[in-house]
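Here, each number is a calculation from the coordinates, and none is a lab measurement. Model, not experiment: these values are computed from the prediction. Here the Cβ positions follow ideal geometry from the backbone for every residue, glycine too, while neighbour counts run over all protein chains shown.
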Amino acid sequence: MVQKLDYLKETPSQTAGPYVHIGLAPGAAGFDIYERELGWDIAGPNAAGERIRVEGTVFDGTGAPVKDVLIEAWQANAAGFYAHRESSGDVEQGFRGWGRVITDFDTGLWGFDTVKPGPVAGQNGTQQAPHINLWIVARGINIGLNTRLYFSDEDNSADPVLNLVEQDHRRQTLIAHRHEMADGVVYKFDITLQGDAETVFFDI
Amino acid sequence: MRKPAEYYQRDRHWQPPALDRNYKTSVTRSPKFAMISLVNTVSEITGPVFGHDDISPIDNDLLKNYATDGDPIGERIIVHGRVLDENARPVPDTLVEIWQANAGGRYRHKKDTYLAAIDPNFGGCGRTLTDENGYYFFRTVKPGAYPWRNWLNSWRPAHIHISVFGEAFAQRLITQLYFEGDPLIAQCPIVNTVPDPAAVDQLVARLDMNASIPLDTLAYKFDIILRGRRSTLFENRLEGN
């Protein structure tokens, strides 16, 4: 016999299920219960930087929109700092950098308003191109899927995470495309859960 | 000097795979290509922070937080436990959110059409922050089992959905709590996406008579384990954060 390692094991994940909205967005489930639902305001009123909207649809392996998905976003501010004690700079008052969105039940379209993040520090003195971290849960997803959204108008060529993706066409699944609309800047970012156009997911 | 470094790699043999053909909805919602493994950067070791201003004190009492003319119908229970990491360290001040069906197995959701009745005094969601020792508690009613379309006669065991944040986006977790002794657990295709029986056991809350309130409320104990974190011993991989 050898000595025992006394680490605990991570609690296994289970699907968020079709009624995830009850817990995490009860207004969408059809009832008001909390004074304040969390995750609607990512950047707050004082954040510096360009105000943007991000929009997209999540598609399943048959190409159909997934209409019961919930997405969480986690991002740095325009200076590249996260609202967390382990980030190396301060963020604006009211900037949380975290958002939670659900899709339209009829169309599957989702979207959120935020500020465009700045580049953030990477490993060993490198720099990561501006990105938003996304986490996707839904009925049929057994463990939340992590991916990243990068921006089409940035120089992403030296990003150490994007460069881990071997196939160039798969790297493109992580790039949101900029559209300058009459009422502001919109980045389009569709996510494909399965198939040839499958989005790159990360085991973080 | 010991400094916190990356989170331990997630054990993908312990966690459910994306595809399990017996859980039919996963068939078209599971990525086929391999995930790319990342060394944690500041993007993964940070995560949202919540405080008592974000929630209300009543939010963890599902007997009262939606009731208008009396208590909800059903077996009164306390669900309590600690949020720990894989190093057995408490995770303090972290947001825990739950949602569940009522005692009849019906969700208050516009997409749920099960014939069991809505309970006018039960919303079915709650949230709380762990204390400085990682401890949390809720009061609610025990949810009912309900049928769902997987195989024709599939029934979900009684369960409570739980969402936990931890201190880093890498720790983010959603799971489900089941109840000790429920014969439907072993039959459930969603439970059985978890491959290791010992891992399934980790999802089953144990009846906790010591925490129950005599003549009032039963209690179930459910600890939640989030990913643990390596210490920097000789190197400094995360420099530059």
Which of rounded, prolate, oblate describes region B:1-95, given a ≥ b ≥ c as roots of the alpha-carbon gyration tensor eigenvalues and a/c under 1.5 marking rounded, otherwise prolate only if a/b is larger than b/c?
oblate
Calculated FRET efficiency, B:TYR135 and A:ASN46, Cβ-Cβ r, R0 30 Å, to nearest 0.05?
0.30
Charge dipole (the protein assembly as shown, unit charges on Cβ, about Cα centre) - positive-most of B:TYR178, B:THR140, B:GLY228
B:TYR178
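Pull out the extension gain between B:ASP53 and B:TYR114, defined as 0.36 nm times the separation in residues minus the alpha carbon to alpha carbon distance; nm, one decimal.
In short, 18.4 nm is gained.
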Go through B:199-205, A:40-46, B:45-51 and give me the packing order, highest mean Cβ count within 10 Å leading.
B:45-51, B:199-205, A:40-46
With the cut-off at 1.5 for a/c, could you classify chain B from its C-alpha gyration tensor as rounded, prolate or oblate?
oblate
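Per-residue ellipticity at 222 nm for chain B, helices alone: DSSP H runs ≥ 4 residues times -39500 (n - 2.57), over residue total, nearest 500 deg cm²/dmol?
The helix contribution divided over chain B gives -500 deg cm²/dmol.
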Just rank B:CYS125, B:CYS188, fewest to most, by other beta-carbon atoms within 10 angstrom.
B:CYS188, B:CYS125
Shielding by partners - mean other protein chain Cβ count within 10 Å, residues of A:27-38:
5
Relative to 2.2 N^0.38 Å, what does the C-alpha radius of gyration of region A:54-142 come to as a ratio? Two decimals please.
1.27
Between the DSSP loop rule and a limit of at most 15 other Cβ atoms within 10 Å, which GluC sites (Glu not before Pro) in region A:35-121 are left?
A:GLU35, A:GLU37, A:GLU50, A:GLU86
Average other protein chain Cβ within 10 Å of Cβ, residues B:214-222
0
Rank A:ILE33, A:THR11, A:ALA47 by how far each Cα sits towards the positive end of the charge dipole of region A:1-60 (+1 on Lys, Arg Cβ; -1 on Asp, Glu Cβ) and give me just the farthest.
A:THR11
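What is the average number of partner chain Cβ atoms found within 10 Å of a Cβ in B:74-86?
Per residue, the number of nearby Cβ atoms from other chains is 1 on average.
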Provide the packing ranking of B:33-41, A:141-149, B:179-187, i.e. peptides ordered by the mean count of other C-beta atoms within 10 Å per residue, highest first.
A:141-149, B:33-41, B:179-187
Residue by residue through region A:142-152, what is 3J(HN,Hα) from phi via Karplus (6.51 cos²θ - 1.76 cosθ + 1.60, θ = phi - 60°)? Round to whole Hz and write x for glycine and proline.
6, 9, x, 9, 9, 9, 10, 10, 10, 10, 5
